[in-house]
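**Student:** Sharing a structure here in structure tokens format.
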Amino acid sequence: MARSGQIRRILYAGCLGLGIAPSLSESFGTGTEAGVSYRSLEQKVTGAELNLTNARKLTNLAGDELYPQWSPDSKRIAFQDREGRIYLINKDGSGLKKIVNKETQSHGLVFSKPGFCWHPSGKKIIYAVDDPESKSGIFELDLKSGKEKLLIGKDGLDSPLYSPSGKYIAFIDGANWEDVSNLALYDRSTTRTKSLTNNSAGNIRKQDKVKGIGWFPDSK
């Protein structure tokens, strides 16, 4: 339980995505404005409610700004635009730059989670690209060097998610509403990929489709 008067922070992009600062244990809040905003939340004495104060808009790009994610050290924020391009900004709103100029997956209004993920070290970001006119698959971007590496080359991949240890990447194979989708795992040390589910066109039911991923904290 938080102490009375403790200040917490929450990040939001309108009603389409939330990002709770990794250094904070509990946060709650809502947002209705377009763009990425940064808001402090002050807990009441009862511990049961939070007052919303000091809302500050960080970005003002043309069009939608979606799915903000704090870096593991809470110093930077990554987010997507409606076309899936990825941007990086400092938590004070400075240093905005586009880091991925490709149409990444899980953008727009189709999915509820971003198609990119911070490495636990905060030094890399992974994202999925499905482009019939270019290379498709899961890419890893080194934020310091700006170098991009294709980890898994295949069409129809989505929602890549580093394990908390950083050793594995879970992702959805065949991720859209029409086709069969499965949960798959990539081992970064061996560069091998294996499917963890066995959905097929012959036995698939709508409720069996893989639409989201979450890692247990021990990465197992």
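The values are calculated or read from the model by the stated rules, or taken from the named source; none is laboratory data. As the structure is a prediction and not an experimental result, all values here were calculated from the model. Every residue, glycine among them, receives a Cβ derived from its backbone with ideal geometry; neighbour counts consider all protein chains shown.
**Student:** Would you point out the residue of region 184-209, among those that are surrounded by 13 or more Cβ atoms within 10 Å (Cβ to Cβ) and among the polar types (S, T, N, Q), that is modelled with the highest pLDDT?
**Tutor:** THR193
**Student:** Turning to a different aspect of this structure: Of all residues in region 54-103 being part of a strand (DSSP E or B) and of a type in the set (Ser, Thr, Tyr), which is modelled with the highest pLDDT?
**Tutor:** Per the stated criteria, the residue is TYR87.
**Student:** Of everything in region 35-53, what is part of a strand (DSSP E or B) and at pLDDT 65 or above? Give them in sequence order.
**Tutor:** VAL36, SER37
**Student:** Hey, another quick one. It is to be established whether one or more residues within region 104-113 are modelled with pLDDT of 90 or more, crowded, with 21+ Cβ neighbours inside 10 Å and not in a loop (DSSP other than H, G, I, E, B).
**Tutor:** Scanning region 104-113 turns up no residue that is modelled with pLDDT of 90 or more, crowded, with 21+ Cβ neighbours inside 10 Å and not in a loop (DSSP other than H, G, I, E, B).
**Student:** Confirm whether LYS124 is closer than 18 Å to SER219 by Cβ and either at pLDDT 90 or above or acidic (Asp, Glu) (or both).
**Tutor:** In short, yes.
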